[in-house]
1. Would it be correct to say that residue 108 is farther than 22 Å from residue 21 by Cβ and out of contact with any strand residue (DSSP E or B) (no Cβ under 6 Å at 6 or more places or on another chain)?
2. Keeping to segment 72-129, report how many residues are outside any strand (DSSP E or B), touching a residue at least 12 places away in the same chain (Cβ under 8 Å) and more than 16 Å from residue 38 (Cβ to Cβ).
3. Scanning for something part of a loop (DSSP other than H, G, I, E, B), crowded, with 22+ Cβ neighbours inside 10 Å and within 16 Å of the chain's Cα centre (by Cα), does segment 31-43 turn up at least one residue?
4. Exactly one condition in (1) open to solvent by 60 Å² or more (accessible area, probe 1.4 Å); (2) of a type outside the set (Lys, Arg); (3) assigned to a strand (DSSP E or B) is not met by residue 47; state its number.
5. Report yes if some residue within segment 5-17 is at pLDDT 95 or above and either open to solvent by less than 20 Å² (accessible area, probe 1.4 Å) or part of a loop (DSSP other than H, G, I, E, B) (or both); otherwise report no.
6. Considering each of 61, 86 in turn, give the residue that is farther than 15 Å from residue 15 by Cβ and at pLDDT 95 or above.
7. Might you check whether a residue that is small (Gly, Ala, Ser), surrounded by 13 or more Cβ atoms within 10 Å (Cβ to Cβ), under 18 Å from the mean Cα position of the chain (by Cα) and closer than 22 Å to residue 20 by Cα occurs anywhere in segment 119-127?
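The values are calculated or read from the model by the stated rules, or taken from the named source; none is laboratory data. The structure presented is a predicted model; accordingly, all values stated were derived computationally and were not measured. A quick note on method: Cβ atoms are made from the backbone with ideal geometry, for glycine too, and the neighbour counts reach across all protein chains shown. Areas reflect the complete protein model, heavy atoms only, side chains present, ligands, DNA and RNA absent. Shrake-Rupley method; radii C 1.70, N 1.55, O 1.52, S 1.80 Å.
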Amino acid sequence: MTERLKAQDAAALDNPFINLIGARLTEWTTDRCEWGLDIEPQHLNTQGSLHGGIIATLLDVACGYSGFCLANDDSGIRAATISLTVHYMAKASRGRLVAQGRRTGGGRRIFFAEAELIDYANNAVIATASGSFRRQYPSEAR
């Protein structure tokens, strides 16, 4: 069964870096998630376009969160990136972006995911990513 977790219920997943850049979880269901970001001046590089590190971060978090869902009682589970390949396709300098991630396969411990970063105002895919991720369970102390 797929249940949607409301974005305000996701506060339990405090992620300081994601909070710092201003990305917000807007949709989260089994094997899928969506993050939004309104581009602000601090997100831009010296050429006036969205910094590649912001792009990679949004794609990484979209992939990672697609591998678990709190609505399915996955509380405490997190994902660690094993590998991430990013393909940069277009520039963006303003507006709202959406990173859509989806789990594409894997097992209990390792899963695979892909994501797209979309600029809806210009009908453009800014970048895509694919990667492998490791689920970390609460019983695995750091």
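1. Details: farther than 22 Å from residue 21 by Cβ: yes; out of contact with any strand residue (DSSP E or B) (no Cβ under 6 Å at 6 or more places or on another chain): yes.
Yes; evaluated as a whole, the condition is true for this residue.
2. Going residue by residue through segment 72-129, those that are outside any strand (DSSP E or B) are 72-77, 89-95, 107-109, 120-123.
Then drop every residue that is not touching a residue at least 12 places away in the same chain (Cβ under 8 Å), which leaves 72, 75-77, 89-95, 108-109, 120-122.
Now drop any that are not more than 16 Å from residue 38 (Cβ to Cβ), which leaves 72, 75-77, 89-91, 108-109.
Total meeting the criteria: 9.
3. We begin by selecting, within segment 31-43, every residue part of a loop (DSSP other than H, G, I, E, B); these are 31, 39-40.
From what is left, the residues that are crowded, with 22+ Cβ neighbours inside 10 Å are none.
Checking segment 31-43: not a single residue is part of a loop (DSSP other than H, G, I, E, B), crowded, with 22+ Cβ neighbours inside 10 Å and within 16 Å of the chain's Cα centre (by Cα).
4. For residue 47, the failing item is (3).
5. Taking segment 5-17 first, the residues at pLDDT 95 or above are none.
Checked segment 5-17: no residue is at pLDDT 95 or above and either open to solvent by less than 20 Å² (accessible area, probe 1.4 Å) or part of a loop (DSSP other than H, G, I, E, B) (or both).
6. On the way: 61 fails: farther than 15 Å from residue 15 by Cβ.
Checking each option against the conditions leaves just 86.
7. Yes, because at least one residue in segment 119-127 is small (Gly, Ala, Ser), surrounded by 13 or more Cβ atoms within 10 Å (Cβ to Cβ), under 18 Å from the mean Cα position of the chain (by Cα) and closer than 22 Å to residue 20 by Cα.
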